[in-house]
Amino acid sequence: MGIKNFLNQIKEAVLAGVKTIDPAVFDHPLAQKTEWTPKAPGGSNFKTRSLVKESSSLLYYKGSTALFIFGLVFTIFPLLFVVPVFFLTNNQGPEDGFMYIFLIVPAIFLIVGLFIIRSSRKRKFLDKSAGYFYTSRKKAIYGIQVSPKKGWIKLSEIKALQILSERVSSKNGSYRSYEINAVFPDGNRHNIVDHGKYETILADAEVIADFLAVPCWNAVDGTTYTSSKTVAQPSENSRYDNDVSYETPEYTEQDLDEDYDSLKRRKL
């Protein structure tokens, strides 16, 4: 990354309230090609997504309880206002129909609340079986060959993770929001998650870094988290072609057929 580009990023970061950092501290050529300004500007001041590890081959983000309650509040309170006004207007006749104007604001809040609840149902999957990172309401169902949809990202294209912080200002004050971004070979990025709970962001980033066996660059404190996973090459038939390690299942005697006799001939 040239000096001019680096200075421009510092300028953008200062204007956005972002903590600036020299990517040279990560000692990686890809970090030098990567931008260090927010990929998802803004963000909430609370935890909006929860990371779930369903198996050794599947991670996914789901909407947090706090996000669902937040959407529920936006939905319930407008109804407490809309219902009485609706019946009052009907009882007083059409000449007082102007009261419907007062329903506009509650209706907007109701729509926002329903949108938040609907968004909380969407999940972001990191799926090794499919070999992709994608957003959906349910896990992809695939057969012998996966047919990726628009917006799906190959896990093998994710070469590093990036943690960024920015200060978000509002009329009630300011707060810090944090984000985890996937970094691609050309330095481009894709946002995975962003919210205001730093401890959760940090823990999630380490889990994802281990899952993908990639480094995680933390611009908040200038450190690099290196996955402790053993790097292994995938087989020719594997749909997931990133350098990752796969767990080998352990079998006990109970897993074998008790009637099995190695001296007997077996039908082919």
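Among the residues of the stretch 205-221, count how many are out of contact with any Ser or Thr (no Cβ under 9 Å at 6 or more places or on another chain) and at pLDDT 95 or above.
Residues meeting the conditions: 3.
Is at least one residue of the stretch 112-127 under 15 Å from the mean Cα position of the chain (by Cα) and within 30 Å of ALA24 (Cα to Cα)? Yes, because at least one residue in the stretch 112-127 is under 15 Å from the mean Cα position of the chain (by Cα) and within 30 Å of ALA24 (Cα to Cα). Residues that are touching a residue at least 40 places away in the same chain (Cβ under 8 Å) and small (Gly, Ala, Ser) within the stretch 21-49 comprise ALA31, ALA40, GLY42, GLY43, SER44, listed in sequence order.
The residue of the stretch 176-217 that is surrounded by the most Cβ atoms within 10 Å (Cβ to Cβ), among those that are in a helix (DSSP H, G or I) and of a type in the set (Val, Ile, Thr), is ILE201. The sole residue among THR230, THR226 that is touching a strand residue (DSSP E or B) at 6+ places or on another chain (Cβ under 9 Å), surrounded by fewer than 17 Cβ atoms within 10 Å (Cβ to Cβ) and modelled with pLDDT under 95 is THR226.
If the condition is being crowded, with 16+ Cβ neighbours inside 10 Å, assigned to a strand (DSSP E or B) and of a type outside the set (Val, Ile, Thr), then the stretch 152-175 contributes LYS154, ALA160, LEU161, GLN162, LEU164, SER165, GLU166.
Residues that are under 18 Å from THR135 (Cβ atoms) and of a type outside the set (Lys, Arg) within the stretch 151-187 comprise GLY151, TRP152, ILE153, LEU155, GLU157, ILE158, LEU161, GLU179, ILE180, ASN181, ALA182, PHE184, listed in sequence order.
Of the candidates VAL52, VAL73, VAL85, VAL25, the single residue that is modelled with pLDDT of 75 or more and farther than 23 Å from GLU206 by Cα is VAL73.
The values are calculated or read from the model by the stated rules, or taken from the named source; none is laboratory data. Keep in mind that this is a model prediction, so the values were computed, not measured. Glycine gets a Cβ as well: all are built from the backbone with ideal geometry, and neighbour counts include every protein chain shown.
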